[in-house]
Every structure is written in C-alpha cells, then in structure tokens.
Amino acid sequence: MAYQQRPITKAPDLLVENGQYNLGCFNTPVKRANLIDYPNPYKLPLPKALKGLQLREWQAFQLHGNGHFIMVAIYNAKKISLVQFIVYDIKNNKKIKYEKKVPAWALTVPDNLHNSVASYTSGNFSLKAEHNLNNKSLELTATIKNFGGLPEVKAHFTGLHDVSHVRPMVVCNPFSAGRVMYSHKCLMPMEGELSIGDKQVVFEKGKSQLIIDDHKGYYPYPTEYDWVTGLGFDATGKMIGFNLTNNQVINQDTYNENCLWYNGELHPLPPIQVERPDGVQGTWLITDAHGLVNLQFKPVIHTSVNINLLVLRSQYEGPYGFFTGYLQKTNGEKVSIENIFGMGEDFYLRA
C-alpha cells in the first residue's frame, strides 16, 4: 500500500481550548503553547504549580557554518535542569563543552515565540534567546567566563525566523489521553559571530543555518526516544535539514514530527526506526517502512551521560557525525543526503 501522508494543517491559536488539546501536525506557529492549561494530565486534578513540576520545557538550537557545529540548550525538566553551550570544530575534531546544572526556577522558558525571551543568567554563564516572529527574528546570545578553566565565550547569532519562507514543523502529539508533547522546529538562515578564547569564528549569511526546537511535554515515565537531526546545503547550494524521531507518541502514522526541510519547504515524513548493529558509536541506520527515509549516521565524536540515583536514572548517548543517504519529498523526488553534519540521541530518563 502506498504511503498516505498525515494531515498537515494551519496551527490553532492555542493548544488547549475548552479543556481539550488541539492535537495535530501543523506548518504554522501557535500563538501560545499553553499545555499548562489542560485540566487533568495525570487523571487526578492538580493545582497549576504541581502540573508545572511535571511539564518539561526547553529550547534547543543547532547551528552550523564555517566548519563549526554548535549546540545550545536551555533545558528545564524541573527535576533535572541545565544550560549547555557546546562548540565542535569539525575539521579539527575538537569539542569544547560548557554545561551547568541549575535550579529550575533560575530558567525562563516562555509559552510563545511572538515576543518572548528564554534565558538563564548568572555571574559566569548567561544564555538568552529573544523571539519575535512578527519581526521574523531570533536573537541568540551567550556569555561564559571563569568556567572550569575553559576559554571565555562571547557569541551572538541572528536567525531569519520567517515562517512564510521557512516552514516550521509544529506538533501537539499524544502520549496518552491526557499527556502530550508540543514542539516547534524550524530550519532557518543564520549569521553571527563566536569568540572563544582568542579564536574568532564568523558565520556568514547565506552559508550558515540554525534549527530551533521550542518544546514542552508531559512525558511518560520512564521516557525513551531515538532522535537524529542534520543541517547543511546540497550540491546546488540549497538549504537542507531534517528532523527524525522515534518516541512514545501513539498512532505515529497520524502524529509524528518527522520532516525534511528543503529550500524553505516542509516535507513531512513517516514514522522511523533507528538500528545500531555496532552500538551507539558505530553506524546508525535510520529507515521507515515505505522507502522514504534511508540514512546512515556515522559518529565522529561522542557524549555519554549515565546517572543512577535510585529514584532518578538517566542514560544519554549523544554523538555528532555525518549523514549519508536519501530522503523523499512529498512529490516523490528523492533528495540526496551527502555528508550532512548533525547529531543523534539515544535517550532514557526515569525521573
């Protein structure tokens, strides 16, 4: 049977209206990702403060240009909260990681992208993401100093978050009747500058790009997922990127966030599976049941986190590397993926 593409529609203003979720997959932003307004995500009525403790929220960014890949995260899972700024020099195979565990109340993660700020600020580590979809802008800044003997960082990046020309993948997808995840992911052009120690890296307009992940969810216990993403340019200079996830969302033929971005276009993709026949540091195989997704991911550098504190258990594998293969557009045309850089995650959290 031929693959039947899931419906992709214009987003509602709110994700929760009249006590119900607006489930679906969308190609425009929501005005407010108000998951906190759902009455009973855990069956029993809970005050908003307790619901908030269960709602994981984060904004993450992958940036690529001038031989560098940067991962930035403002991550608030309430029980585990952290900020990250990771710089990987692709040519020299050198990674510098700045990560700080912080109290949940020290982070700000807003419920919209129209006129808002996600941030963390302390004496030695500050991240800020300023959003204004009405002005088609995303401003991302970082200042890090006196941090474990690592080089000082100053960075400023500007993304062209123009959703009329770079279509986002926005979802409100169910884990169960009461628990969902929201995500707004978008690939966009980017420019900026990074100062790290005495090194200066310029990210030129037209040669650099950024993926945003604005994210909230009442995630299952425990949480498990596989995820890969990549971004770059094809042989003709067109901007290309993808997002592929296998998580605990139910009915993934209707609800998933898998997509190809090509030259600003959004092309939805089917559910996928990830195989690692030689383990997480070997080649990953990412495929689907319909022949639309066929990628190999070859890690070149690895990050592992393993925490076991009885009530809290976290296993995380997060390599960076190169993708090769193909993805298929909505019109049936295959897009060649040739050494596109990106990252993968094999994630488990019991918290």
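The values are calculated or read from the model by the stated rules, or taken from the named source; none is laboratory data. Keep in mind that this is a model prediction, so the values were computed, not measured. We place every Cβ from the backbone using ideal geometry, glycine too, and count neighbours over all the protein chains shown. Keep in mind that these areas ignore ligands, DNA and RNA; they rest on the heavy atoms of the full protein, side chains included. Shrake-Rupley method; radii C 1.70, N 1.55, O 1.52, S 1.80 Å.
Which sequence of Thr287, Thr143, Thr121 reflects their accessible areas, 1.4 Å probe, from the largest down? All intermediate terms of the calculation are to be shown ahead of the outcome.
Working: Thr287 35, Thr143 60, Thr121 100 Å².
Sorted by accessible area, descending: Thr121, Thr143, Thr287.
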*Put +1 on the Cβ of every Lys and Arg and -1 on every Asp and Glu Cβ in the stretch 227-323; which of Thr236, Thr303, Asn258 then has its Cα farthest towards the positive end of the dipole?*
Thr303
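My understanding is that a pair violates if its Cα-Cα distance is over 25 Å; which of Lys31/Lys136; Lys145/Lys205; Lys48/Lys216; Lys97/Lys185 do that in this structure?
Numbers: Lys31/Lys136 14 Å; Lys145/Lys205 27 Å; Lys48/Lys216 15 Å; Lys97/Lys185 23 Å.
The answer is Lys145/Lys205.
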*Once you have the Cα-Cα distance between Tyr221 and Lys238, take 0.36 nm times their residue separation minus that, and quote the gain in nm to one decimal.*
2.1 nm
*From the phi of every residue in the stretch 109-117, what ³J(HN,Hα) in whole Hz does the Karplus formula 6.51 cos²θ - 1.76 cosθ + 1.60 yield, where θ is phi - 60° and glycine or proline is x?*
10, x, 9, 7, 10, 8, 7, 8, 9
*From the square roots a ≥ b ≥ c of the eigenvalues of the alpha-carbon gyration tensor of the chain, which class results: rounded (a/c under 1.5), prolate (a/b over b/c), or oblate?*
rounded
*Reachable aspartates and glutamates from Lys43, Cα under 20 Å, same-chain residues fewer than 8 places away excluded?*
Glu17
*What number, rounded to the nearest 500 deg cm²/dmol, is the helix-based mean residue ellipticity at 222 nm of the chain, given -39500 (n - 2.57) per DSSP H run of at least four residues and division by all its residues?*
-500 deg cm²/dmol
_Added length on full extension, which subtracts the Cα-Cα distance from 0.36 nm per residue, Lys145 to Trp105_ = 12.2 nm
*Spatial separation of Cα centroids for the stretch 210-245 and the stretch 285-306, in angstrom*: 12
*FRET efficiency estimate (nearest 0.05) - Cβ-Cβ, Val305 to Glu152, R0 25 angstrom*: 0.50
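Dipole magnitude of the stretch 1-132 about its Cα centre, charges +1 at Lys/Arg Cβ and -1 at Asp/Glu Cβ only, in debye to the nearest 20?
Details: 17 positive and 8 negative charges, 87 e Å.
That gives a dipole near 420 debye.
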*asked:* Run the numbers for Gln20 and Ser195: contour at 0.36 nm per residue of separation, minus the present Cα-Cα distance, in nm.
replied: 58.4 nm
*asked:* Ignoring ligands, DNA and RNA, please state the percent of accessible area on the stretch 1-146 from carbon and sulfur, probe 1.4 Å.
replied: 51
*Per residue of the stretch 227-235, in order, report the coupling 6.51 cos²θ - 1.76 cosθ + 1.60 (Karplus, θ = phi - 60°) as ³J(HN,Hα) in whole Hz, putting x for Gly and Pro.*
8, 9, 8, x, 7, x, 9, 7, 5
_Amide H partners (placed H, <5 Å) of Asn34, local residues excluded_ = Leu15, Val16
*How many nm separate the modelled label positions at Asn263 and Glu338, each set 7 Å beyond the Cα in the direction of the Cβ?*
1.6
*Of Val249, Trp227, Gln281, whose Cα points farthest to the positive end of the dipole of the stretch 213-351 (charges on the beta-carbon: +1 Lys, Arg; -1 Asp, Glu; origin at the Cα centre)?*
Gln281
